[in-house]
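First up is the structure itself, then whatever we jot down about it.
The values are calculated or read from the model by the stated rules, or taken from the named source; none is laboratory data. Keep in mind it's a predicted model, so treat the numbers as computed, not measured. All Cβ positions, glycine included, derive from the backbone under ideal geometry; neighbour counts span all protein chains shown. Quick note on the areas: whole protein, heavy atoms, side chains included, nothing else; ligands and nucleic acids left out. Shrake-Rupley method; radii C 1.70, N 1.55, O 1.52, S 1.80 Å.
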Amino acid sequence: MSSTVDSRARASTPEESRRRGHLSDRARSERKLGWLLAGPAFVIMLLATLYPILQALWDSLFSFRLTAPGDREFVFLGNYATVLSDIVFWRDLGVTLLITVVTVAVELVLGLALALVMHSAIKSTRGLLRTAILVPYGIITVVSAFAWFYAFDITTGYVNNWFAWLPVIGPDFNWFASAGPALTVIMASEIWKTTPFISLLLLSGLAQVPGELSEAARVDGASSWQRLTRVILPNMKAAIMVAVVFRALDAFRIFDNVFIMTQGQYGTETLSLLAYRTSIGRLEIGLGSAISVILFICVMLIALVAIKVFKVDLTGGSGKGR
């Protein structure tokens, strides 16, 4: 009997080898086609972004003020030491991290809820529903920031009249006069603007979840919460990782909303605004470049940490974790 099994195994070996060879040839062909299609855009993006990064890195090694270009002095890591020893930098880093964590967490929950609504909506209303949900994301960030500013401003806003029944809020309540209320408005505007982006990414992840898995769990008596946490979310892990990484990187670089609403006053300054003030406001190109480089390093660390935490193999095609 063992000889029969061995003979069958030997008989199937050439066919399996040809099949594996065909699959490997196909995989190599698809990989080559992918590089041919994406390669030119990748090279252009690399050239467009690599130069300013290298220029900022080079300028950060000098004590360089734009009003005195002749006094350029090589200080190596002196600018980084100055920045990292300044309490303003650490305060702004804390504000930036707070905005990033709060907005991304809230957007992830709201985005998932909107994605579930769009995914389960009646087919005839899906187009209209998705369009309505995506409208805030189509508005330019500066326009959105001005709209939120004028809505909460003490002279032009109407929000105070809406919430005048609350004991803390009254007609004379200034939302932009202290850090807490100002950051609340800034984060609320950011959440309103970019939650549709999260929902769009998560909707694509929901489309990859096999419907038979959720139906089988329902037949087995699983509740809606159990189907969500044990079937749906594990199978859309890749989409969740992409959404979190994209939004975290964008939120960590927040500039427009803060600049328009408070200009960084009352403890609302972020790292991007600090780099802008240093480079453009004070014309300290060396220090501003050092802040920009540190901001870039922080963004890279966020991406690496997120990839390590989620442990998702995006090349596997299944969207599941390893």
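Structure above, values below:
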{"read-out": "Förster-model FRET efficiency, 56 Å R0, residue 119 and residue 68, C-beta, rounded to 0.05", "value": "0.40"}
{"read-out": "Among 209-215, 140-146, 183-189, 112-118, the order from most to least packed when residues are scored by Cβ within 10 Å on average", "value": "183-189, 112-118, 140-146, 209-215"}
{"read-out": "Selection from 82, 233, 196 lying farthest towards where the dipole of the chain points positive, charges on Cβ", "value": "233"}
{"read-out": "Karplus 3J(HN,Hα) series, Hz, for region 261-270 with 6.51 cos²θ - 1.76 cosθ + 1.60 (x for Gly, Pro)", "value": "7, 10, 6, x, 7, 6, x, 10, 6, 10"}
{"read-out": "Nearby aspartates and glutamates by direct alpha-carbon distance to residue 193 (threshold 16 angstrom, same-chain neighbours under 8 apart not counted)", "value": "107, 250, 256"}
{"read-out": "Probe 1.4 Å, protein heavy atoms only - accessible area per residue of the chain in square angstrom", "value": "60 Å²"}
{"read-out": "Alpha-carbon centroids, region 133-206 and region 256-278: separation in whole Å", "value": "17 Å"}
{"read-out": "Axial C-alpha extent at least 20 Å, average Kyte-Doolittle at least 0.0 - helices from the chain (DSSP)", "value": "87-120, 123-138, 179-207, 237-252, 285-310"}
{"read-out": "Taking the C-alpha atoms of the chain, convex hull volume expressed per residue in Å³", "value": "242 Å³"}
{"read-out": "For region 54-110, alpha-carbon Rg and Dmax in angstrom", "value": "16.9, 53"}
{"read-out": "Mean Cβ neighbour count within 10 Å, used as a protection proxy, ranking 274-286, 235-247 highest first", "value": "235-247, 274-286"}
{"read-out": "Accessible area in the full protein assembly, largest first, 1.4 Å probe, for 61, 304, 108", "value": "304, 108, 61"}
{"read-out": "Those residues of region 236-254 whose amide nitrogen sits under 18 Å from the label point placed on residue 307, 7 Å along Cα→Cβ", "value": "237-250"}
{"read-out": "List 163, 149, ordered by accessible area with a 1.4 Å probe, largest first", "value": "163, 149"}
{"read-out": "For region 200-241, diffusion coefficient by Stokes-Einstein and Kirkwood Rh (Cα), 37 °C, 0.692 mPa s, µm²/s", "value": "318 µm²/s"}
{"read-out": "For peptides 82-92, 263-273, sequence by mean Cβ density within 10 Å, most packed first", "value": "263-273, 82-92"}
{"read-out": "FRET efficiency, 1/(1 + (r/R0)^6) with R0 45 Å, evaluated for residue 35 and residue 177 via beta carbons", "value": "0.25"}
{"read-out": "Helix-only mean residue ellipticity at 222 nm for the chain, each DSSP H run of n ≥ 4 adding -39500 (n - 2.57), per residue, nearest 500", "value": "-23500 deg cm²/dmol"}
{"read-out": "Cβ-derived FRET efficiency at R0 41 Å, residue 216 paired with residue 27, nearest 0.05", "value": "0.85"}
{"read-out": "Sparse-neighbourhood loop sites, chymotrypsin sites (Phe, Trp or Tyr not before Pro) in region 165-236 - DSSP loop, at most 16 other Cβ within 10 angstrom", "value": "165"}
{"read-out": "Under-5 Å amide H pairs with residue 62, H placed in peptide plane, nonlocal only", "value": "75"}
